[in-house]
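The values are calculated or read from the model by the stated rules, or taken from the named source; none is laboratory data. Predicted model only: the values in this text are computed from it and were never measured. Neighbour counts are summed over all protein chains in view; Cβ atoms, including those assigned to glycine, are modelled from backbone coordinates with ideal geometry. SASA here: full protein model, heavy atoms, side chains in, ligands and nucleic acids out. Shrake-Rupley method; radii C 1.70, N 1.55, O 1.52, S 1.80 Å.
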Amino acid sequence: MGFDISGDLGELIAMLETAEQEVAEEAEGAVEDSIKEIFEATQRRVPKKTRALMESGRIEWKERSGNVRSASIIYGNSDTDRIGVFYAAAVHEILDAQHDPPTGAKYVELPLEEGTQRFKERLEKAAKNALGKKTI
């Protein structure tokens, strides 16, 4: 079993490299949209008794190697208030605390789990969009 490639192998490799770059560019938008959507869901769920916890929420983007970035959804201000970080973690984990719906514990974890399928769908669509531009 195998396959034959006829034509210019260099052209095929160049097309694959271009497709890889286009998939990466399309995927970047899908990732950003998904992270923002998940963050908005955490903002709806985060307990709001004093609004301080909600107002401490943010997305942190970090550059990695090349054009790879990572994103974190953070609650509590770790730069100036370590107690805020501990409080954010405790509120997230204490399941029997009373909260007014839709707020509650697991205010990051549940939106992340719920957003995972939509995230996968966006990445799949991004790849199909990028690859649909090329005939290999």
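Summary of computed values
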{"item": "Mean Cα-pair separation over length for the chain, i.e. relative contact order, pairs under 8 Å, 6 or more apart, %", "result": "34 percent"}
{"item": "Cα-projected label distance for Glu60 with Asp8, points at 7 Å along beta-carbon direction, nm", "result": "4.8 nm"}
{"item": "Helical segments meeting 30 Å axial Cα length and Kyte-Doolittle -1.0 threshold in the chain (DSSP H)", "result": "9-45"}
{"item": "Approximate spin-label separation Ala97-Glu32, in nm, with each point projected 7 Å along Cα-to-Cβ", "result": "3.3 nm"}
{"item": "Protection proxy ranking of 119-126, 95-102, 36-43 - average other beta-carbon atoms within 10 Å, highest first", "result": "36-43, 119-126, 95-102"}
{"item": "Correct choice for volume of the Cα convex hull per residue in Å³ that was computed from the model, options (i) 173; (ii) 106; (iii) 153", "result": "(iii)"}
{"item": "Length released on extending from Thr116 to Arg82, taking residue separation times 0.36 nm less the Cα-Cα span", "result": "9.3 nm"}
{"item": "Accessible area per residue, Å², the chain with all protein chains present, probe 1.4 Å", "result": "71 Å²"}
{"item": "When each of Lys36/Lys125; Lys36/Lys120; Lys62/Lys125; Lys62/Lys106 is checked by Cα-Cα distance, pairs over 21 Å", "result": "Lys62/Lys125; Lys62/Lys106"}
